Amino acid sequence: MPVSLALLSIDRFSEIEKSLGINNRNLILKSIASIITKTSRVNDFSFRTNENELALLLPHCQKKGAIIRAERLRRLIETHSFTVNGLKISVSAGVSEYPSLCSSANELEASARHALNYISSKEGNKVCLYSPPQDFIPAYEVNPA
């Protein structure tokens, strides 16, 4: 069975922290975590991996499902009305899947991070699926659902 990883990063995080302060920043993070929790499946895992980053580990989820999940979250967060100064918050997401796009747990995290860094450098507020090297051969094929 496949497993996907989606890394979500809050766009313009340092600007938000400078203008609103650490307490309001933490409220925003808690609100985003609440949205993730409310929309997650029972077997999904979500956790904070960095100051401005949350991760979703999606067991039994192919890359197509992970992209859909990340895009839905991105849209929910973008349209959510945060109570702090009517501020618009957006996130960027990098997605990868084992075994179709990488060959180990370490590569799963690194490939999702690579996709996140790429899309964050392009002004963010988008979801990016990792693209493996052309010579990559998966350990096994996952049947399309």
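At-a-glance table
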{"quantity": "With every protein chain in place, region 1-108: carbon and sulfur % of accessible area (1.4 Å)", "calculated": "55"}
{"quantity": "Accessible surface, per residue, of region 37-145 when the full set of protein chains is kept, probe 1.4 Å, Å²", "calculated": "61"}
{"quantity": "Cα-centre dipole for the chain with unit charges at Cβ (Lys and Arg positive, Asp and Glu negative), debye to 20", "calculated": "560"}
{"quantity": "Amide H contacts under 5 Å for T49, placed H, 5+ residues apart", "calculated": "L54, A55"}
{"quantity": "In sequence order, calculated HN-Hα J values of region 42-58 (Karplus, 6.51, -1.76, 1.60; Hz; x Gly/Pro)", "calculated": "4, 8, 7, 10, 10, 7, 8, 10, 7, 4, 10, 9, 10, 10, 10, 9, 10"}
{"quantity": "When each of K64/K122; K30/K63; K30/K88 is checked by Cα-Cα distance, pairs over 20 Å", "calculated": "K64/K122; K30/K63"}
{"quantity": "Sparse-neighbourhood loop sites, GluC sites (Glu not before Pro) in region 36-145 - DSSP loop, at most 16 other Cβ within 10 angstrom", "calculated": "E51, E123, E141"}
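The values are calculated or read from the model by the stated rules, or taken from the named source; none is laboratory data. Please read all numbers here as calculations on a predicted model, not as lab measurements. A quick note on method: Cβ atoms are made from the backbone with ideal geometry, for glycine too, and the neighbour counts reach across all protein chains shown. Side chains are part of the model used for accessible areas, which takes the heavy atoms of the whole protein and leaves out ligands, DNA and RNA. Shrake-Rupley method; radii C 1.70, N 1.55, O 1.52, S 1.80 Å.
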